[in-house]
Amino acid sequence: METITKLLNTAAPHVQTSLSRQRREVLCLYRDILRVARRFSWNSESGHPWSVILQQSARKEFESAKQEKDPEVIARLLVVGRDCLDKTVNAYHDQWEKLKSNIESSRNDPPRKP
């Protein structure tokens, strides 16, 4: 019985560390999403700024998962959230590069020297 108590006592700090680490990861992901959302400066078809729509959507998603306690579920949500954010950033970057290329190719003035 004493051995089980020792194991439980030694496991508890690890679980606490894991939860606090996950909490930091969740906050980091949320802040990253808000930073990326600010880049979307144009409006949707309904006239609302995409940055606001994305921020509200992120808030809603995080609020709905706020009561989740299972570390495995939280880890899965973090992986999926980070993957979605990375895909969004990559798509945004690709479109930005296409736009810059289109602007450069349609310019009438002589090309600038690097």
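The values are calculated or read from the model by the stated rules, or taken from the named source; none is laboratory data. Just so you know, these numbers come straight off a predicted model, no measurement behind them. All Cβ positions, glycine included, derive from the backbone under ideal geometry; neighbour counts span all protein chains shown.
Observations on the model:
- So residue 77, is it of a type in the set (A, V, I, L, M) and under 27 Å from residue 18 (Cβ atoms): yes
- Restricting the first member to region 90-102 and to residues that are free of Cβ contacts under 8 Å to residues at least 60 places away in the same chain, and the second to residues that are surrounded by fewer than 10 Cβ atoms within 10 Å (Cβ to Cβ), no beta-carbon pair is closer than 9 Å while six or more apart or on different chains.
Table: residues versus (1) at pLDDT 95 or above; (2) exposed (fewer than 11 other Cβ atoms within 10 Å of the Cβ).
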| site | (1), (2) |
| --- | --- |
| 72 | no, yes |
| 85 | yes, no |
| 92 | no, no |
| 98 | no, yes |
| 103 | no, yes |
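- Number of positions in region 38-48 that are over 15 Å from the mean Cα position of the chain (by Cα), surrounded by 13 or more Cβ atoms within 10 Å (Cβ to Cβ) and either at pLDDT 95 or above or part of a loop (DSSP other than H, G, I, E, B) (or both): 0
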